[in-house]
Amino acid sequence: MRDEISSIEFPFSAFDINRRITSAGLFSYKGRHPDVTAKTFTVKDLPPGKYTFAAPFRVPDPRAGGGWVAVMATETHASPFGGPAANMDFGPLQILWINGRGEWGFSAHRLLDEKTSLFDMRASLARLRALIRPVRDIPGFRMPKEPLFSNLLEANEEDGWPLERLVALARGEVEVRNDAMQFWTEEGVPPAW
């Protein structure tokens with residue numbers, strides 16, 4: 001056994017990351033939407049049975065073959081077992097996207113960084129889209145390690161979303177109900193005064 005435990009990386013499938021992104025967008029609606037109260041922290045806190053988030057998150061983008069779809073994500077957490085990794089910063093949430101051309105994209109979001117935090121985007125698709133970069137344009141980018149990558153693709157497929165269907169969703173060829181789009185809009189929520 002190693003003397004110290006490294007950081008822990010939490011994976012998110014397409015459905016999980018949809019809920020995570022949507023939950024961050026709810027923050028801007030507190031006091032502005034009848035179903036989003038001071039006690040609403042995640043989509044689980046919304047009225048039961050009223051909303052569905054069992055779909056991948058899509059960001060429309062005509063320049064990307066129709067849009068980007070969040071395929072998977074990881075988030076790094078400090079080690080609860082001590083060692084140097086116990087003092088590390090939280091995050092980032094790293095999202096792997098695919099566009100309508102079948103090209104991979106990437107975005108990273110730090111909770112306390114106003115430029116990249118999903119909470120600070122005020123549920124704006126335009127702000128989120130601005131952070132998604134094609135991986136071919138990121139020097140030294142490496143795809144997620146195996147078996148994590150294959151396991152998350154398999155989890156998506158088990159949920160009815162094989163990679164080909166995710167690409168079709170990115171192109172806008174697949175219709176699906178995702179109530180995340182009630183909260184995330186092009187311009188998002190205006191700042192509160």
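Structural remarks
- Of the residues making up region 28-50, those that are buried (at least 20 other Cβ atoms within 10 Å of the Cβ) and more than 23 Å from LEU96 (Cβ to Cβ) are SER28, LEU46.
- Restricting region 13-39 to residues that are out of contact with any Ser or Thr (no Cβ under 6 Å at 6 or more places or on another chain) and of a type in the set (Ser, Thr, Tyr), the residue that is nearest to GLY160 (Cα to Cα): SER13
- Exactly one residue among ARG58, ARG63 is open to solvent by 70 Å² or more (accessible area, probe 1.4 Å) and either among the basic types (Lys, Arg) or at positive phi (or both), and that residue is ARG63.
The values are calculated or read from the model by the stated rules, or taken from the named source; none is laboratory data. All values derive from a computational prediction rather than experimental measurement. So basically every Cβ, Gly included, is an ideal-geometry build from the backbone, and we count neighbours across all protein chains shown. SASA here: full protein model, heavy atoms, side chains in, ligands and nucleic acids out. Shrake-Rupley method; radii C 1.70, N 1.55, O 1.52, S 1.80 Å.
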